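The values are calculated or read from the model by the stated rules, or taken from the named source; none is laboratory data. No experiment lies behind these values; they were computed from the predicted model shown. FYI the Cβ positions are ideal-geometry reconstructions off the backbone, even for glycines, and counts take in every protein chain you see. Ligands, DNA and RNA are stripped out before the accessible areas are found, and what is left, the full protein with its side chains, is counted by its heavy atoms. Shrake-Rupley method; radii C 1.70, N 1.55, O 1.52, S 1.80 Å.
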Amino acid sequence: MIKAAIIGLGRWGQILVESVQGQSEHIQFTAGVTRTPAKAVDFTKLHGIPLLDNYAQVLDDPAIDAVVLATPHSQHVDQVVAAAAAGKHIFVEKPFTLTETDAKKAVAAADRASMVLALGHNRRFLPAIAEVRRLLADGELGQALHVEANFSGASGFGYKGEQWRASAAETPSGGMAGSGIHMVDAMIGLFGPIERVHALSLRQVLVDEIDDTTSMLFGFENGMSGYLAALSATASLWRLQVFGSKGWAEIRDETHLEVRLIGVESKVVDYPLFDTRRAELEAFAVAARGGPAYPLPMDQAIHGVAVFEAITRSAMSGQTETTG
């Protein structure tokens, strides 16, 4: 079992802790650091996690094997570089970084130190995603033609002016940083690199400076097309649909899969609820102990940031932007 420190104990940091603490044979949180300790005291006492004063204390502690970063996006690159230099394995929440240059810098630092670096795209662990990957690999959907997705919700209404997520610098292109980036990763994982992006990002109802309605068209290296929408001021929706020359497969709400082939009655599968947060943290811990590699290659993690960056450029320029 690896001993980890949680860095950032806001809503998502607490969700990560709760997914494994006292339940996993692979990872245990033994320390924590957060910007506002008073808000996390009760939580850390409940879960037996001592709060340290700062990040440097974590890095200086030889009993800590790894850090889990649930911190503002702009801090990730420096925190990853420092952790790698201190001999700590690193799990970092998405978005990995805000620029491709910083993503490459973080990966290079981990590689130099021979530390495992894992990115928190937990939807890679969904059974429904695994089944769609199988359908594609076995040719049951025919030639892949197009993919479209929507990951939306009401999170924007909860962002307040003093919160870091309410800043356009930390949350470019509206719902992309908080949710849509997961769908970009899913598309890259299923279909490979995205070559070009054309995006439209609007602020229509939110009071703070972040956009609430973002949509984009993709052109893939393999010739496919794609579409994605990420809204942060509506009711929740999670949808990924793949179209092939023999039929389509659609995942809704992460657990409901429908497959419809030409001339064949639809097949529907409803998967049981699955804790993807626990799955990703345990996969990271196993990799850190020398087991199978974490199932998100770092070249794909870097490319995801390049796509994210291109989306933001396109939303600002109004032009199609390339990821290269």
- prompt: Can you list the lysines whose alpha carbon sits under 18 Å from that of Lys267, skipping same-chain ones fewer than 8 residues off?
  reply: Lys246
field: Computed over the stretch 60-186: relative contact order in percent, which uses C-alpha pairs under 8 Å that are six or more apart
entry: 23 percent
- line: At 4 °C and 1.567 mPa s, the Stokes-Einstein diffusion coefficient in µm²/s for the chain, with hydrodynamic radius from the Kirkwood sum on alpha carbon pairs, is 64 µm²/s
- request: Please work out the average accessible area per residue across the stretch 224-324, using the 1.4 Å probe convention, and give it in Å².
  value: 48 Å²
- prompt: How big is the gap, in Å, between the Cα center of the stretch 178-216 and the Cα center of the stretch 26-88?
  reply: 29 Å
field: Set Lys39/Lys94; Lys3/Lys45; Lys104/Lys160 screened for pairs whose C-alpha atoms are more than 27 Å apart
entry: Lys104/Lys160
- request: Would you look at the GNM of the chain, springs on alpha carbons closer than 10 Å, and say which of Arg196, Arg260, Arg313 moves the most?
  value: Arg260
query: On average, how much accessible surface per residue is there in the stretch 54-167, in Å², for a 1.4 Å probe, leaving out ligands, DNA and RNA?
result: 39 Å²
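Taking the Cβ of Met176 as the centre, find all other residues whose Cβ is under 11 Å away and add up their charges (Lys, Arg: +1; Asp, Glu: -1).
-1
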task: Please build a GNM for the chain, connecting alpha carbons under 10 Å apart, and tell me which residue among Val41, Val147, Val305 fluctuates the most.
output: Val41
Distance between modelled label sites at Asp60 and Lys3, nm, 7 Å Cα→Cβ extension: 1.7 nm
query: Normalised by the number of residues in the stretch 140-236, what is the relative contact order in percent for Cα pairs under 8 Å and 6+ residues apart?
result: 40 percent
- prompt: What is the distance, in nm, between label points placed 7 Å from the Cα along the Cα-to-Cβ direction at Lys105 and at Ser245?
  reply: 4.5 nm
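Are there any helices in the chain, counted as whole DSSP H runs, that stretch 27 Å or more along their axis by Cα and score at least 0.0 on average by Kyte-Doolittle, and if so which?
Long hydrophobic helices here: 298-317.
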- line: Carbon and sulfur atoms account, in whole percent of the 1.4 Å probe accessible area of the chain, for 52 percent
Among Lys104, Lys88, Lys45: highest mean-square fluctuation, GNM of the chain, C-alpha pairs under 10 Å: Lys45
